[in-house]
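The values are calculated or read from the model by the stated rules, or taken from the named source; none is laboratory data. From a predicted model like this one, the values you see are computed outputs, not experimental measurements. A quick note on method: Cβ atoms are made from the backbone with ideal geometry, for glycine too, and the neighbour counts reach across all protein chains shown. Surface areas here come from the heavy atoms of the whole protein model, side chains and all, with no ligands, DNA or RNA. Shrake-Rupley method; radii C 1.70, N 1.55, O 1.52, S 1.80 Å.
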Amino acid sequence: MRDHLSTLYQEFLEDGYDCVDRVVLNAYFSLGQSGGGFRMWWRELYGSDENLDNNHLMRMAGRFSRRLRGWAKANKVPVIYGSPGEQKHKIAEQYLATQEQKPGLFLVLVSKAPALVWEAQQTANGKLGRLAPQAPWPYVNPYSFPILDPEWGQGPST
């Protein structure tokens, strides 16, 4: 199975892997790495720059957090907040040691880490100006979603 997955995802892997029970997917959002790319993504999502401002960006992040926590509560999936630098796979392993193991998403882990955040600057007449990266990078909440999948392995995947 591992060799099949390595072949299937070869173009997306920077290196090989030999532990199928811990698959770490770091999403790289290439459009989000430049102001122009982020603006292009926003236009694709909403059709224009009309509401591309700091308030709408913060609302989007808040809406995602609330919806995720609501989904987790409705599906009895715990949300655990950790500290920067904590090894999330160890938190998931400790959790699994005390709970019934069943396939699927069994935990949501939230931490704090510095990340690229865009500030939507306004021109003198109130129109959208340039998107500038906040400096220093602020701390945001990255999410980890450990899963159990019998086909890929019996341990937590984060």
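Here are the numbers:
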item	result
Long-range amide H partners of Leu105 with built H, under 5 Å	Leu148
Cα point-scatterer Debye curve for the stretch 43-141, base-10 log of I(q)/I(0) at q = 0.10, 0.22 Å⁻¹	-0.43, -1.18
Tyr81 - accessible surface, heavy atoms, 1.4 Å probe, Å² rounded to 10	130 Å²
Contour excess over end-to-end distance, with Cα ends at Phe29 and Glu44 and 0.36 nm allotted per residue	4.0 nm
The stretch 50-158: trypsin sites (Lys or Arg not before Pro) in DSSP loop, at most 15 other beta carbons within 10 Å	Lys76, Lys127
Cα centroid separation, the stretch 71-87 to the stretch 115-130 (Å)	33 Å
